[in-house]
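Here the structure comes first, spelled out in structure tokens, and everything after it is commentary.
The values are calculated or read from the model by the stated rules, or taken from the named source; none is laboratory data. These numbers come from a predicted model, not from an experiment. Cβ placement follows ideal geometry from the backbone for every residue including glycine, while neighbour counts extend to all protein chains displayed. Each accessible area value is taken on the protein alone, full model and side chains, heavy atoms only, with ligands, DNA and RNA left out. Shrake-Rupley method; radii C 1.70, N 1.55, O 1.52, S 1.80 Å.
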Amino acid sequence: MKTIGLIGGMSWESTAEYYRFLNEFTRDRLGGLHSARCVIYSVDFAEIEQLQVQGRWADAGETLAAAAQSLEAAGADLVLICTNTMHKVADVVEAAVSIPLLHLADATADAVRTSGLRRVGLLGTAFTVEQDFYRGRLEAAGLDVRIPDSDGRALVHKVIYEELCLGIVRDESRTAYQKVIEDLVAAGAEGIILGCTEIELLITPEHSPVPVFPTARIHAQAAVDAALFGHP
């Protein structure tokens with residue numbers, strides 16, 4: 001098995017899920033006591049979040065690129081950015097190393113297409129849903145992407161940063177998210193991309209009337225496939 005490099009800590013709550021998924025998928029594939037070969041570089045999310053708010057994406061890109069270089073030096077054969085939002089700087093990270101970067105949006109688009117769906121709703125931070133770096137990549141892969149209205153986007157963003165990234169999971173927030181999902185379904189969405197890795201802490205398939213696509217789980221599965229078989 002190749003070694004998977006994880007750029008994590010954004011937030012550590014979802015990075016912990018990545019670690020669990022990688023090991024569960026490896027165990028399921030190989031059996032017995034097998035676990036994933038992986039290296040984690042966990043950044044300080046408070047520093048990254050400030051760069052996001054200040055629009056200092058170039059500085060954030062340099063930080064994540066340095067993390068990727070450290071992972072490569074530690075023996076990683078491929079690298080994952082364990083957050084949807086920071087794929088805004090994926091090109092910078094990819095250019096900084098000689099090992100492949102497994103892009104989260106690509107893995108997600110593959111999962112949606114494999115399911116036979118095309119029209120999807122996208123939940124995520126304001127950066128992810130309002131800017132083109134992520135949504136545009138999904139659309140380039142052939143998906144028809146719907147996003148919440150302005151109130152829905154603000155709600156989803158607020159819950160991510162003020163609750164889920166802190167490990168706070170509230171029933172009231174789940175109910176509010178379900179209303180956003182229902183609105184997206186009413187607008188034609190056949191499935192919902194949980195386009196922030198923390199949302200999986202709040203929303204599971206039972207909370208949605210249409211299929212959900214949990215991006216951290218999808219990304220981890222693609223990484224294990226790549227590490228074992230050389231392809232996602």
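List every residue pair whose Cβ atoms sit under 8 Å apart, with the two residues 6 or more apart in sequence or on different chains, where the first one lies in segment 107-121 and is of a type in the set (Val, Ile, Thr) and the second, anywhere, is open to solvent by less than 10 Å² (accessible area, probe 1.4 Å) and assigned to a strand (DSSP E or B). Note: pairs meeting the criteria are THR108/ILE193; VAL112/VAL120; VAL112/GLY191; VAL112/ILE193; VAL120/GLY191; VAL120/ILE192; VAL120/ILE193. Being touching a Leu at 6+ places or on another chain (Cβ under 7 Å) and either free of Cβ contacts under 8 Å to residues at least 40 places away in the same chain or open to solvent by 10 Å² or more (accessible area, probe 1.4 Å) (or both) is the filter here, so list the residues in segment 3-14 that pass it. Answer for segment 3-14, where residues must be touching a Leu at 6+ places or on another chain (Cβ under 7 Å) and either free of Cβ contacts under 8 Å to residues at least 40 places away in the same chain or open to solvent by 10 Å² or more (accessible area, probe 1.4 Å) (or both): just GLU13.
The number of residues in segment 204-221 being farther than 17 Å from ALA16 by Cα and touching a residue at least 12 places away in the same chain (Cβ under 8 Å) comes to 7. Please work out which residue is nearest to the chain's Cα centre (by Cα), limiting yourself to segment 76-90 and to residues that are closer than 14 Å to THR15 by Cβ and of a type in the set (A, V, I, L, M, F, W, C). Selected residue: CYS82.
Cβ-Cβ contacts under 8 Å between residues 6 or more apart (or on different chains), taken from a first residue in segment 56-84 that is at pLDDT below 95 to a second residue that is of a type in the set (D, E, K, R), are absent. Selection over segment 125-142 of residues that are open to solvent by less than 10 Å² (accessible area, probe 1.4 Å), part of a loop (DSSP other than H, G, I, E, B) and either among the aliphatic types (A, V, I, L, M) or in contact with a Lys or Arg (Cβ under 8 Å, 6 or more places away or on another chain) (or both) gives a count of 0. Of the candidates HIS87, HIS103, the single residue that is within 25 Å of GLY124 (Cα to Cα), open to solvent by less than 10 Å² (accessible area, probe 1.4 Å) and out of contact with any Ser or Thr (no Cβ under 6 Å at 6 or more places or on another chain) is HIS87.
Candidates are the residues of segment 17-56 that are hydrophobic (A, V, I, L, M, F, W, C) and not in a helix (DSSP H, G or I); the one that is farthest from HIS219 (Cα to Cα) is LEU33.
For ARG113, the test of being touching an Asp or Glu at 6+ places or on another chain (Cβ under 9 Å) and either buried (at least 24 other Cβ atoms within 10 Å of the Cβ) or among the charged types (D, E, K, R) (or both) is failed. Does segment 15-37 include one or more residues that are in contact with a Gly (Cβ under 9 Å, 6 or more places away or on another chain) and open to solvent by less than 20 Å² (accessible area, probe 1.4 Å)? Scanning segment 15-37 turns up at least one residue that is in contact with a Gly (Cβ under 9 Å, 6 or more places away or on another chain) and open to solvent by less than 20 Å² (accessible area, probe 1.4 Å). Residues of segment 175-232 that are assigned to a loop (DSSP other than H, G, I, E, B), in contact with a strand residue (DSSP E or B) (Cβ under 7 Å, 6 or more places away or on another chain) and open to solvent by 30 Å² or more (accessible area, probe 1.4 Å): ALA187, GLU190, PRO211.
Against the numbered list (1) surrounded by fewer than 20 Cβ atoms within 10 Å (Cβ to Cβ); (2) assigned to a strand (DSSP E or B); (3) not basic (Lys, Arg), ALA154 comes up short only at (2).
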